[in-house]
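Novice: I'd like to ask you about the structure that follows.
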Amino acid sequence: MRILCLTAHPDDLEVGAIGTLLKYQEQGATINSVVLVRPSGELRANRNALIVTEELSNSYSLTNFDLHVCQTPLFDNGRPSLTVDTNTITSVGKLVGNSDYDLVILPSPSDYHQDHRATYEIGMSLIARKAREIWTIDAWPYNTRTTQQGNILVDITKQWPVKVKAIKSYYTYFGEKELDMITKQASYWGSKINADYAESFTLIHRQL
C-alpha cells in the first residue's frame, strides 16, 4: 500500500494524521510525506528556521516516513509565500513523483488557514487522477469542522504515545494547553468508535 500525505507546515501531519499513518505503516504501507512550507522565519521570538528544522527532524525520527520538504519561495521578511501557481505545482509535483497512490491525505478545503487551503488545491491538481482514495484532515485548530467529525474515524489508541511525542517535538509551538485541546478532540472522536483516541478524516474521492 502506498500513501501520500501532503501538508502545509511542519507539525500539520503530527496534529492531524500521524497516528493513522503509523498504523498503516505498521501494516506494511509505504508513507510519503511532503511538506509544502519549508522551515523559515517566524513571527514568534523563540522560533526561527533552524529551530523549526530541528523540531521537524526530531519528529520524523520517530517514524520511517519518507519526508520531502518543498523549498517554498520567501518574502523579503523571511516568511514563506505559498501560492497556487504553475511553478509551485511543478515543484511539488517533482516531490510527489509519478507513482499512483492507494491513499492520499490532504488538508481540508474548509480549513481557514490560507496555506492549508492552498495545499489542498495544489494536491488536487496533482493527484486527483492518481489516487484510489483521497481523504481530508479534520484537525484542531484550523478546520471549521472540528466540533463534528468526518466520515472516517481511525482508532489510534496504540499509536497515541508516539503522536504525543511527535507533537512535543515542536516544543516552541505546542505547550500543555495545545496538547490538551488535541487530546480532548482525539478522545471525543475515539468515544464514537469505542476507542481511547481517534483521528478524523473526510473521504472525498474513491475509485469504483
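Novice: Within the stretch 179-208, restricting attention to residues that are open to solvent by 50 Å² or more (accessible area, probe 1.4 Å) and either assigned to a strand (DSSP E or B) or in contact with a helix residue (DSSP H, G or I) (Cβ under 6 Å, 6 or more places away or on another chain) (or both), which residue is nearest to Ile51 (Cα to Cα)?
Specialist: Tyr197
Novice: Hey, does the stretch 102-109 have a residue that's over 15 Å from the mean Cα position of the chain (by Cα), on the phi < 0 side of the Ramachandran plot and either assigned to a helix (DSSP H, G or I) or at pLDDT 95 or above (or both)?
Specialist: Yes, some residue in the stretch 102-109 is over 15 Å from the mean Cα position of the chain (by Cα), on the phi < 0 side of the Ramachandran plot and either assigned to a helix (DSSP H, G or I) or at pLDDT 95 or above (or both).
Novice: Any chance you could count how many residues in the stretch 1-32 are without any contact (Cβ under 8 Å) to a residue 60 or more places away in the chain and closer than 19 Å to Ile182 by Cβ?
Specialist: Residues that pass the stated criteria total 1.
Novice: I'm trying to understand the selection: among the residues of the stretch 46-62, which are under 15 Å from Phe174 (Cβ atoms), open to solvent by 20 Å² or more (accessible area, probe 1.4 Å) and of a type in the set (S, T, N, Q)?
Specialist: Correct list: Asn46, Asn58.
Novice: Right, something else. Among the residues of the stretch 159-178, which ones are within 23 Å of Ile51 (Cβ to Cβ), open to solvent by 20 Å² or more (accessible area, probe 1.4 Å) and at pLDDT 95 or above?
Specialist: Hits for the stretch 159-178 are Val162, Val164, Lys165, Lys168.
Novice: Here is a follow-up. Give the number of residues within the stretch 131-155 that are part of a strand (DSSP E or B), more than 20 Å from Asp11 (Cβ to Cβ) and open to solvent by less than 50 Å² (accessible area, probe 1.4 Å).
Specialist: Final tally of qualifying residues: 5.
Novice: Residues that are touching a residue at least 40 places away in the same chain (Cβ under 8 Å), more than 25 Å from Gln71 (Cβ to Cβ) and open to solvent by 60 Å² or more (accessible area, probe 1.4 Å): does the stretch 110-130 have at least one?
Specialist: no
Novice: Check whether at least one residue in the stretch 133-156 is in contact with a His (Cβ under 7 Å, 6 or more places away or on another chain) and among the aliphatic types (A, V, I, L, M), and report yes or no.
Specialist: Yes; the residues of the stretch 133-156 include at least one that is in contact with a His (Cβ under 7 Å, 6 or more places away or on another chain) and among the aliphatic types (A, V, I, L, M).
Novice: Here is a follow-up. Restrict the check to the stretch 93-102 and report whether at least one residue is in contact (Cβ under 8 Å) with a residue 12 or more places away in the chain, under 29 Å from Pro73 (Cβ atoms) and β-branched (Val, Ile, Thr).
Specialist: Looking for residues that are in contact (Cβ under 8 Å) with a residue 12 or more places away in the chain, under 29 Å from Pro73 (Cβ atoms) and β-branched (Val, Ile, Thr), one finds at least one in the stretch 93-102, hence yes.
The values are calculated or read from the model by the stated rules, or taken from the named source; none is laboratory data. Only a predicted model underlies this, so the values are computations on that prediction, with no experimental measurement involved. With ideal geometry, Cβ positions are generated from the backbone for all residues, glycine too; neighbour counts draw on all protein chains shown. Accessible surface areas use protein heavy atoms only, side chains included; no ligands, DNA or RNA. Shrake-Rupley method; radii C 1.70, N 1.55, O 1.52, S 1.80 Å.
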